[in-house]
1. Just for the stretch 102-115: of the residues that are part of a strand (DSSP E or B) and free of Cβ contacts under 8 Å to residues at least 40 places away in the same chain, which one is surrounded by the fewest Cβ atoms within 10 Å (Cβ to Cβ)?
2. Is there any pair with a first residue in the stretch 154-179 that is at positive phi and a second that is in a strand (DSSP E or B) and surrounded by 17 or more Cβ atoms within 10 Å (Cβ to Cβ) whose Cβ atoms are under 7 Å apart and which are 6 or more apart or on different chains, and what are they?
3. Let me spell it out: the conditions are (1) at pLDDT 75 or above; (2) at negative phi; (3) in contact with a strand residue (DSSP E or B) (Cβ under 7 Å, 6 or more places away or on another chain), and residue 56 meets all of them except one. Which number is the exception?
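The values are calculated or read from the model by the stated rules, or taken from the named source; none is laboratory data. Computed from a prediction, not measured in an experiment: that's the story for all the values here. Backbone-built Cβ (ideal geometry, glycine too); neighbour counts: all protein chains shown.
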């Protein structure tokens, strides 16, 4: 029996259609199976992966940050470089120095200045942490030296669990565990050492 070209072409076409449909059929079955509900474990893994991908950073050079309080500048901080990290549970800015800080009184005058090598601003807690060779100078010529200092916006106080030295025009005092006002007019030190001159 002789087959015609037409019969042969139909057989080849039928085979080629089956070759093309077979992978599509398998792919359709796999996709349909993948669209089923995820297990609780798989859902948690996807959620965690998505949260990890929601981390972003911002870099800045020659940084100047100003925090306002009741419409007036309360604190100005300058640094040479800053990187800000944003995640769902963490918002902080790390500032490289030299870092320069000004705290303003209610009239807008500079009340206190500070210098350090680096700083971190925690947006959620509204706190600045100053690190490494921290020096504080008030407009009343009171000085403080430490290697770590925290300024908290809610309490408007500065604290340090580490060793501090305070020098005023009349005396000096040193110790660990500092808590005081930003102008250094009132403060407490837990473990005191130093000298005091009484007039």
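1. Let us first name the residues in the stretch 102-115 that are part of a strand (DSSP E or B), namely 102-104, 110-115.
Checking the rest, the ones that are also free of Cβ contacts under 8 Å to residues at least 40 places away in the same chain come to 102, 104, 110, 113-115.
Values: 102: 17, 104: 19, 110: 13, 113: 15, 114: 24, 115: 15.
Applying the filter and picking the extreme gives 110.
2. 175/164; 175/189; 177/189
3. (1)
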